[in-house]
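Participant: Mind looking over this structure? Questions follow.
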Amino acid sequence: MAQFIGGRRVEGSGPEMQILDPFHEETICTLREGTAEDVDRAVAAATAALEEWSALSGAKRAEFLVKIADAVAEAKPELSKIETKNCGKPFPESEWDMDDVVACFKYYAKLATELDDKQNTPVDVDSADYKCSLRYEAAGVAGLIVPFNYPLLMAVWKVAPALAAGCTAVLKPSELTPLTALELGEICAKVGLPAGVLNVVVGGPETGKALVEHPDVAVVSFTGSVPTGVKVAQASAPLVKGLGLELGGKSTSIVFADSDMKKAVEWVAFGCFWTNGQICSSTSRLIVEESALEGFLDQLIKLAKDIKMGDPMDNDCRLGPLVSAAQRDKVLNFIQKGIADGAELLYGSGKKPTEKGFFVEPTVLRVNSDRNTVWNEEIFGPVLSVMSFKSEEDAIRIANKSKYGLAAAVFTADVSRFARINNKLKVGIVWNNCSQPCFCQLPWGGPKLSGNTTRDLGEFGLKKFLEPKQIVHYVAEGALDWYNTSSL
């Protein structure tokens, strides 16, 4: 059953959809797609649960979040297996994701408890006539839409803060990778989360459209592509919904000649090839100081050749298949387009480690123009594009010349240089001598086409699910006396 509504699994009312294993290219299971009718049922369940859930103290809601975290930790081996089978990422990465899921629930449990202490906080308005305070209330029913690359983790990036804030939620996972989201629904039921607080509806674009446009959904949080994000924003606008957008990226690694080259090479490879290259923050653009370029590339290509591809359930696998045949073909088309535009293929023969599987080999392209498609477009696969730079100013100019602004990685031993560059990079995340570490305590997102001014994670991730309310008491002894003009 493809839907989790009102605390139990139910059948969808749409056509059958096949959920695939991208390594074996076989059907894992068949589910019925959720439709607008199913979205209506899920939103109704969330609406019915909202008053009671939002009225609980933050500390009480935190108890449920901790129970969910503990249940996920207990189910980690099975959840990791399901995740890898469904999306193709290496099993050790899925295990890592489950640890992060647990940490995320516990972090927002902490913030939910702290929210109690922030209620009715006094605010000094510099007037003895008024006594003012602030309280924070749940925004309402939250519509949460997440992509296929981190099926459970990115769902929890939104579910945990929404529930901590007192919202109830309808989650729409990717139709390609819905299995762990449905397992999360089952876990919530087992730990006693009130029915309707979390609902999961599985379906494609029309299902997402119905969720975003639903009049009883107060806030929408979306992670995905820019074109779809624009459609979500347009659909949200008529009802002026709260809206969080975490969209694409084309992030740059900047490597200076004074870097620890051995460490930098591994981090650059990790920054692009981790999660099979399917990550919005992928540092898929590499610029290296001219004097160090050739030596760096020699080491990088040697490492790329040694990356173990194959069955993602193998513990030593470090690059699994892409999520679908369509995604594989899209990535391969980008590579061919880049070469046609003048890029030089330094590594990536297209060979597959097994007969089946939607694989793309780690690919390194040297580009001779910043107009090349592979330099500018988000590919969402293990494809690294390389250029050189002459100076610090040149590096900053190249990195900032992008329609995206999610992240950047700077490799240098010079602390002062890093500080200068950090202050000039137009991105939301900057890593120094590393790439891709992510912590639930820190905000995730960036400017330009990478999203709007909201953020996932950190305290910012909680705020988008809260409505601040100001309370103003008139405490002066005298009347306002505005309309008494006799004394004039």
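Participant: Between Lys118 and Ala237, what is the FRET efficiency for a Förster distance of 30 Å, r being their Cβ-Cβ separation, to the nearest 0.05?
Facilitator: According to the calculation, E is roughly 0.50.
Participant: Hey, another quick one. Nearest-5 percent of antiparallel DSSP beta bridges in the chain?
Facilitator: 45
Participant: Still on this structure, I have one more. Mind running the shape call on segment 364-488? Use the C-alpha gyration tensor, a ≥ b ≥ c as the square roots of the eigenvalues: rounded below 1.5 for a/c, prolate if a/b tops b/c, oblate otherwise.
Facilitator: Prolate is the answer for segment 364-488, as a/c is 1.5 or above and a/b outweighs b/c.
Participant: Over what distance in Å are the Cα centres of segment 330-374 and segment 245-322 separated?
Facilitator: Spelled out, the Cα-based centre of one part sits 14 Å from the other.
Participant: Follow-up. For Ala264, what charge total do you get from the other residues with a beta carbon under 12 Å from its beta carbon, if Lys and Arg give +1 and Asp and Glu give -1?
Facilitator: It works out to a net charge of -2.
Participant: Still on this structure: Once you order the gyration tensor axes a ≥ b ≥ c over the Cα atoms, which shape class does segment 1-107 get: rounded for a/c under 1.5, otherwise prolate or oblate by comparing a/b with b/c?
Facilitator: oblate
Participant: Taking the Cα centre of segment 157-245 as origin, sum charge times position over the Cβ atoms of Lys and Arg (+1) and Asp and Glu (-1), and report the length of that vector in debye to the nearest 20.
Facilitator: Dipole of segment 157-245, to the nearest 20 debye: 180 debye.
Participant: Run the 1.4 Å probe and let me know the accessible area of Glu16, rounded to the nearest 10 Å².
Facilitator: Accessible area of Glu16: about 130 Å².
Participant: List the relative contact order of segment 283-371 as a percent without decimals, with contacts defined as Cα pairs under 8 Å and 6+ residues apart.
Facilitator: Result for segment 283-371 is 24 percent.
Participant: Among Met98, Pro215, Gly244, which residue has its Cα furthest toward the positive end of the charge dipole of the chain, with +1 on Lys/Arg Cβ and -1 on Asp/Glu Cβ?
Facilitator: Of the listed residues, the answer is Gly244.
Participant: In the chain, with Lys and Arg counted as +1 and Asp and Glu as -1 at Cβ, which of these residues, Ala46, Gly451, Ile339, has the Cα nearest the positive end of the dipole, that is, farthest along it?
Facilitator: Farthest along the dipole direction, towards plus: Ile339.
Participant: Under a Cβ-Cβ cut-off of 15 Å, what is the net charge of the residues other than Gln234 that fall near it, where Lys and Arg count +1 and Asp and Glu count -1?
Facilitator: That works out to +2.
Participant: Oh, and also: At a probe radius of 1.4 Å, what is the per-residue accessible area of Thr113, in Å² to the nearest 10?
Facilitator: Its accessible surface works out to 60 Å², give or take rounding.
Participant: Solvent-accessible area of Lys469, probe 1.4 Å, all protein chains present, reported in Å² to the nearest ten, please.
Facilitator: 90
Participant: Answer rounded, prolate or oblate for the chain, using the Cα gyration tensor with square roots of eigenvalues a ≥ b ≥ c: rounded when a/c is under 1.5, else prolate when a/b is larger than b/c, else oblate.
Facilitator: Verdict is oblate for the chain.
Participant: Summing +1 for each Lys or Arg and -1 for each Asp or Glu, what net charge is found among the other residues whose Cβ lies under 11 Å from the Cβ of Gly208?
Facilitator: Overall, the nearby charge balance is 0.
Participant: To make sure I understand the rule: partners must be aspartates and glutamates, Cα under 20 Å from the Cα of Lys67, and not fewer than 8 residues away in the same chain. Which ones qualify?
Facilitator: Qualifying aspartates and glutamates at Cα under 20 Å: Glu52, Glu78, Glu95, Asp97, Asp99, Asp100, Glu114, Asp116, Glu183, Glu186.
Participant: Can you give me the relative contact order of the chain as a percent, contacts being Cα pairs under 8 Å and 6 or more apart?
Facilitator: 19
Participant: Explain nothing, just the number: dipole magnitude of segment 402-457 about its Cα centre with +1 on each Lys and Arg Cβ and -1 on each Asp and Glu Cβ, in debye rounded to the nearest 20.
Facilitator: 260
Participant: If you take every DSSP beta bridge whose two residues both sit in segment 102-192, what share of them, in percent to the nearest 5, is antiparallel?
Facilitator: Percent antiparallel among DSSP bridges in segment 102-192 is about 40.
Participant: Pairs Lys172/Lys241; Lys231/Lys403; Lys81/Lys231: which exceed 28 Å Cα-Cα?
Facilitator: Lys81/Lys231
Participant: If you average the C-alpha positions of segment 159-188 and of segment 381-415 separately, how far apart do those two centres end up, in angstrom?
Facilitator: Answer, in whole Å: 35.
Participant: Based on Cβ point charges of +1 for Lys and Arg and -1 for Asp and Glu, what charge dipole magnitude is obtained for the chain about its Cα centre, in debye rounded to the nearest 20?
Facilitator: For the chain, the charge dipole is close to 740 debye.
Participant: Further, regarding this structure: Per the helix-only calculation at 222 nm, which mean residue ellipticity applies to the chain, given -39500 (n - 2.57) for every DSSP H run of n ≥ 4 and division by its residues, nearest 500 deg cm²/dmol?
Facilitator: So the calculated ellipticity at 222 nm is -12500 deg cm²/dmol.
Participant: Here's a follow-up. Using alpha-carbon pairs under 8 Å, 6+ residues apart, how would you state the relative contact order of segment 237-300 in percent?
Facilitator: Reported as a whole number, the value is 45 percent.
The values are calculated or read from the model by the stated rules, or taken from the named source; none is laboratory data. Just so you know, these numbers come straight off a predicted model, no measurement behind them. Positions of Cβ are generated from backbone atoms using ideal geometry, with glycine treated the same way; all protein chains shown enter the neighbour counts. Keep in mind that these areas ignore ligands, DNA and RNA; they rest on the heavy atoms of the full protein, side chains included. Shrake-Rupley method; radii C 1.70, N 1.55, O 1.52, S 1.80 Å.
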